[in-house]
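Worksheet for the structure shown next.
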Amino acid sequence: MSAEPRSLSFRGVAKSFGDVPALRPLSLDVAPGEFVTLLGPSGSGKTTLLNIAAGFIVPDTGSLHIGDADVTALPPRKRDIGMVFQSYALFPHMTVFDNIAYGLRVRDVAAAETERQVRAALAMVQLDDYGHRRIQQLSGGQQQRVALARAMVIEPAVLLMDEPLGALDRQLRKQVQLEIRRLHREFGRTTLYVTHDQEEALVMSDRIGIMRNGRIEQIGPPQELYRRPANVFVAAFLGESNILRGKIVDCTVGTARLAATGLGTEIGGPCAPGLAVGMEAGAIFRPEAVGFAGPGEGGLPARVMEVVYLGELLAIRLALPSGQEVWRRCFPGTDDPVEGRDVHLSWRTEDVRIVPLDNQPMEEN
Amino acid sequence: MTTRTAIATNIAGSMILAFLVLPILAVVPASFNHASFIRLPPVTWSLRWYQAFLNDPEWWRALVASTRVALLATIISVTLGTAAALGLERVTARMRTALLAIVISPLIVPVIMTSIALYYVMRPLGLHGTTLGLALGHTLLAVPFVVVNVGISLRGVDPNCVRAAEGLGASPWRVFRTITLPLIVPGLAGGAAFAFVTSFDEVVVSIFLAGVQAKTLPVKLWETIRVEFTPVTAVASTILLVITLVLFVAVKAAARGLPHQDGSRVR
């Protein structure tokens, strides 16, 4: 594995199917060796973007660059890409060995060298003795590992993965997830990964791009997205969030205060850009940031509605006087709350984030 | 379903099948009859009419001509039909419906009309009465079977397999040769068997287009029966039947040995 990973750049790429815009003009740069995940609900355009990278879809406008080369007009076979599909897409009439060797044979690699590289690729995905097996004899997890080996053995400039874990059960998914992460750390291939599973995105990515309606709503490292979501959609899509809506009453550089609707109280905290006094906005705080205030410490009054035991964690559903719900997550302790008890909620100001309800006006849809 | 209705259904089904198949099978015992006329069941069993068939060079020539025409028609229709099926996968659904209707139309149009039309087209071209001419005529009737069979196989191929091969750097021709073609072999084999049998059994087009060079077995049968009702015709029919049967069993057996797209086997 020696060929250098290269960068992948979308520049003003857009695509419509008939009258339906699948992708609004967007730009995205994936650095050499970087692992970028496109995360979003179905129909958000993430797969379209991946297929444009692969060359299976030609964009209406914009251009695509791999390294320094403009590959917009090149067919998939000339792009030097490795693809991994949700359906594995292994060649059912070939053995594991022949599947992995396919790309090497296309490149006219000598038989002995092909043999050596396929063996190395099999070892890489820990399927050393499986070369002679037929695809039908493998489990789903093994098939996806073969697909990974097949895509990586050609040392592609860019690896493209389309929900590769979508067809696996939960247990296997975790396994293969860590496998992909290990392979990426080890070989540093530039990777564009598409999924609708936030856990996958968080575990593997250097950066995550949250997509909706053909746009990238926000892109950044996982912690950044989790801690500083750009809007309510991102906050709700990545991880669990408590969202209290209201009107901005005060807004300075970096912080804002909002009058929470129906609560008669103000919530302040760091804020996302693009807010102004009078705007509708949301105060976001994560369930793990919610605490119970001691007696006489103030806080937002609430009633414990439900206590859900999750094993290592407790999830507590609380009702505010306005009827809104707030979740708290904490480790089980000695003073576990009792359903029906009245409590006061508290949180640190820095754990709150005031964000716009949405990046885009909705009338475009 | 209760046991009684199940039994009744089975009996009814068996009777319908018997009604369909038995008249065809009747030629088999008839061909082993010793008498000089066709009668069932045979009074004395004998192979004398098989001997008569084998000793008559005209029957031989007809059998060889049939085989040649059928092989040629199979090759042409499998090539054209596969190309058509591949093309049909690439057009919109509406276009596909329309084009498929045209491809299948030779099966709907009365064969006698097709035959007359073919006669008028082939005569000025000098194809009338030749092996090639007859094979082309049969191709018209055989292509729909190939298109349909290969089409079904193609729809079973994961399109991502083709994409994966393209992504790995394979040219379109290489993708076809190494991925698509091996995966549609069951459909190809089925289509080829249908094409061969369609041509081998065909009589209407053949009567119009057959000359001396291309007098096929069914045409020879037809001519013979018009003149004399000899048990040799039962022999020829049995041979047609056996070849058809053997071919289909062989294709089914071959297809069962091939792994299919999803890892299951073709039934």
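Laboratory data are not the source of any read-out in this text; all were calculated from the coordinates shown. On a predicted model such as this, the values are computed, not experimentally measured, just so you know. Reconstructed Cβ throughout: ideal geometry from the backbone, glycine too, with neighbour counts over all protein chains shown.
Note on the range A:138-163: among residues that are touching an Asp or Glu at 6+ places or on another chain (Cβ under 9 Å) and in a loop (DSSP other than H, G, I, E, B), the one that is nearest to A:A89 (Cα to Cα) is A:E163.
Run down A:F85, A:F91 and say which single residue is crowded, with 19+ Cβ neighbours inside 10 Å and touching a strand residue (DSSP E or B) at 6+ places or on another chain (Cβ under 6 Å).
On inspection, the qualifying residue turns out to be A:F85.
When you go through B:F200, B:F194, B:F229 one by one, which is the residue that is surrounded by fewer than 21 Cβ atoms within 10 Å (Cβ to Cβ), in contact (Cβ under 8 Å) with a residue 40 or more places away in the chain and not β-branched (V, I, T)?
Matching residue, one of B:F200, B:F194, B:F229: B:F229.
Name the single residue that is nearest to A:V232 (Cα to Cα) among those in the range A:242-286 being outside any strand (DSSP E or B) and touching a Ser or Thr at 6+ places or on another chain (Cβ under 8 Å). Give the steps one after another, and end with the answer.
Of the residues in the range A:242-286, the ones outside any strand (DSSP E or B) are A:253-254, A:261-264, A:272-279, A:286.
Now drop any that are not touching a Ser or Thr at 6+ places or on another chain (Cβ under 8 Å), which leaves A:261-263, A:286.
Numbers: A:T261: 16, A:G262: 19, A:L263: 19, A:R286: 12 Å.
Only one residue fits best here, namely A:R286.
Pairing each residue of the range A:119-143 that is within 14 Å of chain B (Cβ to nearest Cβ) with any residue that is loosely packed, with under 15 Cβ neighbours inside 10 Å and among the small types (G, A, S), provided the two are 6+ apart or on different chains, yields C-beta distances under 8 Å for A:I135/B:G263; A:Q136/B:G263.
Could you grab me the full set of residues in the range B:152-168 that are at the interface with chain A (Cβ under 7 Å from one of its Cβ atoms) and surrounded by fewer than 23 Cβ atoms within 10 Å (Cβ to Cβ)? Within the range B:152-168, B:D158, B:N160, B:C161, B:R163 meet the criteria. With respect to the conditions (1) free of Cβ contacts under 8 Å to residues at least 12 places away in the same chain; (2) in contact with a helix residue (DSSP H, G or I) (Cβ under 8 Å, 6 or more places away or on another chain); (3) assigned to a loop (DSSP other than H, G, I, E, B), B:R96 lacks only one, and its number is (3).
The set of residues in the range A:43-82 that are in a helix (DSSP H, G or I) and acidic (D, E) is empty.
Pairing each residue of the range A:293-313 that is without any contact (Cβ under 8 Å) to a residue 24 or more places away in the chain and farther than 21 Å from A:G264 by Cα with any residue that is among the charged types (D, E, K, R) and surrounded by 10 or more Cβ atoms within 10 Å (Cβ to Cβ), provided the two are 6+ apart or on different chains, yields C-beta distances under 7 Å for A:L313/A:R329. Inspect the range B:167-175 for any residue being under 26 Å from A:A53 (Cβ atoms), touching a residue at least 40 places away in the same chain (Cβ under 8 Å) and hydrophobic (A, V, I, L, M, F, W, C) and give the result as yes or no. No, that holds for no residue.
When restricted to residues that are assigned to a helix (DSSP H, G or I) and either within 7 Å of chain B (Cβ to nearest Cβ) or of a type outside the set (V, I, T) (or both), the range A:83-118 contains 15.
In the range A:227-247, the residues that are in contact (Cβ under 8 Å) with a residue 12 or more places away in the chain and more than 14 Å from A:E217 (Cβ to Cβ) form Cβ pairs under 8 Å with partners that are of a type in the set (F, W, Y) and buried (at least 17 other Cβ atoms within 10 Å of the Cβ), at six or more places apart or across chains, as follows: A:G239/A:Y226; A:E240/A:W327; A:S241/A:F285; A:N242/A:F285; A:N242/A:W327.
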